[in-house]
Amino acid sequence: YEYLQKIALKVRKDINISADAVIDFNHLIKRFNDLHAVIVPVLWGSKNRHENAVHIYLPDSKSTWVYLNLDTKVFDFKFWMAHELGHCLSPTLEGEEAEDFADAFAGALLFPESKAKVAYEAIMSAPSDAARYTHLFAVAQENIISPYTVFKEINHYAKHAKLPELELDNLGARITNFNKRYLTVSEALFDGEEITAKRFIDKSKEAFDTPFYDVLGQYLRSTKKGAGVINGIMDMPIMDAHSILSELT
């Protein structure tokens, strides 16, 4: 626990924010860029956990490619960004060990011990489960992270401090209802308008400061490759791949 907290504080220092500040998407994007990790925004629809973010490390070029599914609820999206940042910081870890570290790192980065301690004391002193949920959701909204992340980090702190852990009934169902009130990243980014290939590329470049589509366009023009390459690289329907191809070439 203490090691993870030290790493999280070091990363916060690297991106010039205090231990108590709310990390926003731009902070994480800047850190990816500092590490020369290329963000690849994609539209993969609603997915389960680890399918919402994927990283690929290519040892020959020593480059990391981070796929982020924009069809993810805003409150979960930041966790997956932080999770993938954890992978970038630990390239030698593999399998379950790598996933466990990335999960633990993401929680510590987004909701560190100082925040967890304050939230623990406030929520545990609440007079009822209803009041505890109200405070839990308020903290999640303030930090723009999932209530589940707040809950887990509160209990990681409690276990480390040898204090009673927080218990809440129907947590999963309550968080599902909480998430229904909020947009996915793609809904927020494109404001409900039709997502054309041009709009998708332009918005992705603007929001995530990614060179991916410029590099992909250069590759397609120099090799004369077709939509099948885009289909394979981005795991998108072939018709959408043809649209992307037309915009990039």
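The values are calculated or read from the model by the stated rules, or taken from the named source; none is laboratory data. For clarity, every value in this text was computed on a predicted model and none was experimentally measured. Neighbour counts run over all protein chains shown; Cβ positions are idealised from the backbone, glycine included. All accessible areas refer to the heavy atoms of the entire protein, side chains included, with ligands and DNA or RNA removed. Shrake-Rupley method; radii C 1.70, N 1.55, O 1.52, S 1.80 Å.
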Quiz item: Taking θ as phi - 60°, what are the ³J(HN,Hα) couplings along the stretch 82-96 by the Karplus curve (6.51, -1.76, 1.60), each to the nearest whole Hz, with x for Gly and Pro?
Solution: 5, 4, 5, 4, x, 5, 4, 7, 9, x, 7, 7, 9, x, 5
Practice problem: Could you please state, rounded to a whole Å, how far the C-alpha centre of the stretch 49-120 is from the C-alpha centre of the stretch 144-216? | Solution: 12
Quiz item: How do 103-116, 229-242 rank on mean C-beta neighbours within 10 Å, highest first?
Solution: 103-116, 229-242
Quiz item: How do the peptides 136-147, 21-32 rank, highest first, by the average count of neighbouring beta carbon atoms within 10 Å per residue?
Solution: 136-147, 21-32
Quiz item: Which net charge results for the neighbourhood of D169, defined as the other residues with beta-carbon distances under 12 angstrom from its beta-carbon, given Lys and Arg at +1 and Asp and Glu at -1?
Solution: 0
Quiz item: Of the cross-linked pairs K30/K159; K10/K117; K13/K117, which ones have a Cα-Cα span greater than 27 Å in the structure shown?
Solution: K30/K159
Quiz prompt | 5 angstrom amide H check on V40, placed H, neighbours 5+ away | solution = V66, Y67, L68
Quiz item: Going by the alpha-carbon gyration tensor, a ≥ b ≥ c the square roots of its eigenvalues, is the stretch 130-211 rounded (a/c under 1.5) or, if a/c is not under 1.5, prolate (a/b greater than b/c) versus oblate?
Solution: prolate
Practice problem: Between A21 and A122, with labels modelled 7 Å along Cα→Cβ, what's the label distance in nm to one decimal, could you check? | Solution: 2.0
Exercise. For the stretch 202-249, report the convex hull volume of the alpha-carbon atoms normalised per residue, in Å³, without decimals.
Key: 68
Quiz item: To the nearest 500 deg cm²/dmol, what mean residue ellipticity at 222 nm is calculated for the chain from DSSP H runs of n ≥ 4 alone, each contributing -39,500 (n - 2.57), summed and divided by the residues?
Solution: -19500 deg cm²/dmol
Quiz item: When the Karplus curve 6.51 cos²θ - 1.76 cosθ + 1.60 is applied with θ = phi - 60°, which whole-Hz ³J(HN,Hα) does each residue of the stretch 18-30 get, with x for Gly and Pro?
Solution: 6, 5, 9, 6, 7, 6, 10, 4, 5, 4, 5, 4, 4
Self-check item: 3J(HN,Hα) from dihedral phi, the stretch 137-145, Karplus parametrisation 6.51/-1.76/1.60, rounded to Hz, x for glycine, proline
Solution: 5, 5, 5, 4, 5, 4, 9, 6, 9
Practice problem: Taking the Cβ of I15 as the centre, find all other residues whose Cβ is under 12 Å away and add up their charges (Lys, Arg: +1; Asp, Glu: -1). | Solution: +2
Quiz item: Just the accessible area per residue of the chain, please: how many Å² with a 1.4 Å probe?
Solution: 52
Quiz prompt | Burial ranking of peptide ranges 154-167, 62-75 (average Cβ count within 10 Å, highest at the top) | solution = 62-75, 154-167
Self-check item: Alpha carbon convex hull of the stretch 56-134, volume per residue in cubic angstrom
Solution: 116
Exercise. Just check the stretch 50-196 against the gyration tensor rule for me: Cα atoms, a ≥ b ≥ c as the square roots of the eigenvalues, rounded for a/c under 1.5, and otherwise prolate or oblate depending on whether a/b exceeds b/c.
Key: oblate
